[in-house]
Amino acid sequence: MLAMLAGAGLAAVAAGYHSMAPGSQLYGRTFVRGAPESRQLALTFDDGPNDPWTARLLEVLERRQVRATFFMIGRFVRQKPALARQVAEAGHVIGNHTFTHPNLAFASGAAVERELSECERALADAVGDHSRLFRPPFGGRTPVALRQVRRHGLKTIMWRVSGFDWSAKSAAQIEHKIWPRLRGGDVILLHDGGHRQMGADRSCTVQAVDEVIVRAQEQGFSFVTVPEMMPLQAG
Ligand SMILES: [Zn+2]
């Protein structure tokens, strides 16, 4: 009995791990990183558009001549369609990050379907053509959720390095999370918004991004969008 309980506990822990761990492929194939031998990096920004921080971030990317990939929340796209359009017009790639940012590991198939299609509609209305890329909120996913994602013709994009910028107190803290792990082919997770409300302070992220770009370029890295990196997917 005890052994059975312990086994059930382990299975639950394992299921939780594979639902949330960015690199796990157990519940379906996802894109995690490009080729490690390349010197390419992909910056990704979640939870926007976010006024005014998305625009500040665009200024930094423009100054450094870097294009990035933005995973937007549909309800914020509805609130700030012009800001979403500004991201697209600057040449960045835009992907789906659901309409209301629920954890899909706990959502029904019908709820996943609704979240994906409402975000797709918001993006289509605001920016028109956009990528077929999707990032699950909190990294949460299950076979049911990933099946819905594929049904929509969307490709799930995870990450290998996170700046943990949602809880950072300074730009330096974000950079310390990124640098020790950074390798060629990495997809880097950062946030231009906060999923709870419009206006979340992302000043630390904007500053960290500027410094990371300069330092990485000095070391011979180049920045690409996720679709540009995907042909060099790590085996
Ligand atoms: Zn998010």
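Read-outs throughout are calculated quantities, based only on the coordinates presented, and are distinct from any laboratory measurement. Predicted, not measured: the structure shown is a model, and the values here were computed from it. Cβ: placed from backbone, ideal geometry, glycine included. Neighbour counts: every protein chain shown.
Per-residue 3J(HN,Hα) values for region 65-73, derived from phi via the Karplus relation 6.51 cos²θ - 1.76 cosθ + 1.60 with θ = phi - 60°, read 6, 10, 10, 10, 10, 10, 9, 9, 8 Hz in sequence order (x marks Gly and Pro). Under 5 Å from the amide H of residue 94 lie the amide H atoms of 70, 131, each residue being 5 or more positions distant or on a separate chain, with H modelled from the backbone and absent for Pro and chain starts.
How much length is gained on full extension from residue 63 to residue 230, taking 0.36 nm per residue of separation minus their Cα-Cα distance?
57.6 nm
With respect to the chain, whose longest principal axis is taken over its alpha-carbon atoms, helix 203-218 is tilted by about 80°. Straight-distance candidates among the lysines for linking to residue 177, with alpha-carbon spacing under 25 Å and chain neighbours fewer than 8 residues away dropped: 169. Under a 5 Å amide H cut-off, with hydrogens placed 1.01 Å from N, residue 34 pairs with 186, 187, 234 among residues at least 5 apart or on other chains. Would you mind counting up the charge near residue 83? Only other residues with Cβ under 14 Å from its Cβ, with Lys and Arg at +1 and Asp and Glu at -1. Summing Lys/Arg as +1 and Asp/Glu as -1 gives 0. Computed from Cα positions, the angle between helix 53-63 and the longest principal axis of the chain comes to roughly 60 degrees.
For residue 183, nonlocal amide neighbours, meaning residues 5 or more places apart or on other chains whose placed amide H falls under 5 Å from its own, do not occur. One decimal place: the segment residue 117-residue 39 gains 24.6 nm when fully extended, by the rule 0.36 nm per residue minus the C-alpha distance.
Available extension along the chain between residue 181 and residue 150 is 8.1 nm, counting 0.36 nm per residue and deducting the alpha carbon span.
Computed from Cα atoms, the angle from the helix 2-20 axis to the main principal axis of the chain rounds to 20 degrees. When DSSP beta bridges are restricted to pairs lying wholly in the chain, around 10% turn out antiparallel.
Within region 194-215, whose backbone N sits under 20 Å from a point 7 Å along Cα→Cβ of residue 172? Residues 202-215 qualify, since their backbone N sits under 20 Å from the label point.
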